[in-house]
Amino acid sequence: MKMKAALFDLDGVVFDTEPQYTVFWGQQCREYHPEHPGLEQEIKGQTLTQIYDAWFSGALTPQQAVITERLNQFEQQMHYDYIAGFVDYITSLRQQGVKTAVVTSSNQPKMQAVYQARPEFRELFDAILTSEDFERSKPDPDCYLKAAARLGVDKDDCVVFEDSFNGLKSGRAAGMFVVGLATTNAAEKIAPLCDEVIKDYTKKI
């Protein structure tokens with residue numbers, strides 16, 4: 001296919017942040033769900049709303065505000081290290097005239113932390129779409145279809161880069177070519193949801 005637009009999820013795709021989120025959610029899960037060890041592994045790749053609906057509703061609903069505040073503070077202190085080879089790869093794409101976008105479930109407060117840590121970040125993309133831009137979360141295709149429209153590119157000319165199951169399903173549901181990064185989940189587990197699986201960007205795709 002002729003790639004005209006590359007659409008990237010953020011955590012686990014642009015930045016190697018998933019191990020840090022595992023630490024954060026491990027702390028919350030041990031506090032609120034000690035009866036369910038390893039829960040932080042099960043909720044990887046889910047949006048905050050999905051996590052709250054499944055595990056912090058009912059009697060735990062009042063604790064959502066507490067966890068959100070903790071998360072906001074945590075994200076301000078996180079390290080935003082690029083996945084190996086990412087900067088060279090996206091720079092090459094842009095030199096070839098490929099449009100680029102971030103399509104993330106992260107919110108604006110999180111992105112402000114990213115911009116502060118990585119001042120060059122915004123220059124790598126033609127568009128940055130966050131949770132505030134979507135009506136429906138992944139695995140719904142809404143976010144990727146909106147990104148294609150924002151860039152003025154047909155969905156058949158888009159390539160989605162994702163690491164989470166919900167993200168991969170979102171790209172598939174949008175009818176786009178999907179590249180899965182085995183940064184968060186094992187390659188063999190995400191393979192059925194991908195057209196191609198890579199470890200990082202150090203090898204030619």
**Request:** Can you find, among L181, I128, V159, the residue farthest towards the positive end of the dipole of the chain? Put +1 on the C-beta of Lys and Arg, -1 on that of Asp and Glu.
**Result:** V159
**Request:** Just subtract the alpha-carbon distance of D88 and Q41 from 0.36 nm times their residue separation and send over the number in nm, one decimal.
**Result:** 13.9 nm
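About its Cα centre, how strong a charge dipole does the range 1-63 have in debye, to the nearest 20, once Lys and Arg get +1 and Asp and Glu get -1 at the Cβ?
Numbers: 4 positive and 9 negative charges, 66 e Å.
Charge dipole, the range 1-63, about its Cα centre: 320 debye, nearest 20.
Let me know the shape class of the range 27-71, please: from the alpha-carbon gyration tensor, a ≥ b ≥ c as square roots of the eigenvalues, rounded when a/c is under 1.5, otherwise prolate if a/b is greater than b/c, or oblate.
Numbers: a/c = 1.43, a/b = 1.19, b/c = 1.20.
Because its axes are fairly even, with a/c under 1.5, the range 27-71 counts as rounded.
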**Solvent-accessible area per residue, Å², over the chain with all protein chains present [probe radius 1.4 Å]** = 48
**Item:** Carbon and sulfur %, accessible surface of the range 1-156 computed with the full protein complex present, 1.4 Å
**Value:** 49
**Amide proton proximity set for T100, modelled H, under 5 Å, gap of 5+** = A6, D126, A127
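Would you mind calculating the gained length between Y115 and E196 on full extension (0.36 nm times residue separation, minus the Cα-Cα distance), in nm to one decimal? Before the final figure, lay out each step's value.
Values: separation 81, 0.36 × 81 = 29.16 nm, distance 2.99 nm.
Full extension of this stretch gives 26.2 nm more.
Kindly provide the trypsin sites (Lys or Arg not before Pro) of the range 1-43 that DSSP labels as loop, not H, G, I, E or B, and whose Cβ sees at most 13 other Cβ atoms within 10 Å.
Details: sites: K2, K4, R30; in loops: K2, K4.
Filter output for the range 1-43: K2.
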**Residue pairs, from the table K146/K199; K4/K138; K138/K169; K169/K189; K99/K146; K44/K155, whose Cα atoms sit over 19 Å apart** = K146/K199; K4/K138; K44/K155
**Request:** Note down the nm distance, to one decimal, between modelled labels 7 Å out along Cα→Cβ at K2 and at F24.
**Result:** 4.1
**Item:** (1) -0.56, -0.66, -0.75, -1.14; (2) -0.33, -0.50, -0.70, -1.34; (3) -0.58, -0.73, -0.86, -1.15, with the label sought being that of the calculated log10 I(q)/I(0) by the Debye sum over Cα atoms at q = 0.09, 0.11, 0.13, 0.18 Å⁻¹
**Value:** (2)
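Quote the FRET efficiency, to the nearest 0.05, computed for E69 versus E135 with a Förster distance R0 of 35 Å and r equal to the Cβ-Cβ distance.
That pair, E69 with E135, gives E of 0.85.
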**Prompt:** What FRET efficiency, computed as 1/(1 + (r/R0)^6) with R0 = 35 Å and r the Cβ-Cβ distance, is obtained for Q77 and K189, rounded to the nearest 0.05?
**Reply:** 0.70
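The values are calculated or read from the model by the stated rules, or taken from the named source; none is laboratory data. What you are looking at is a predicted structure, and each value in this text was computed from that prediction instead of being measured. Because the Cβ atoms are built from the backbone with ideal geometry, glycine has one as well, and the counts that use them run over all protein chains shown. Note: accessible area is taken over every heavy atom of the protein model, side chains too, but ligands, DNA and RNA are not part of it. Shrake-Rupley method; radii C 1.70, N 1.55, O 1.52, S 1.80 Å.
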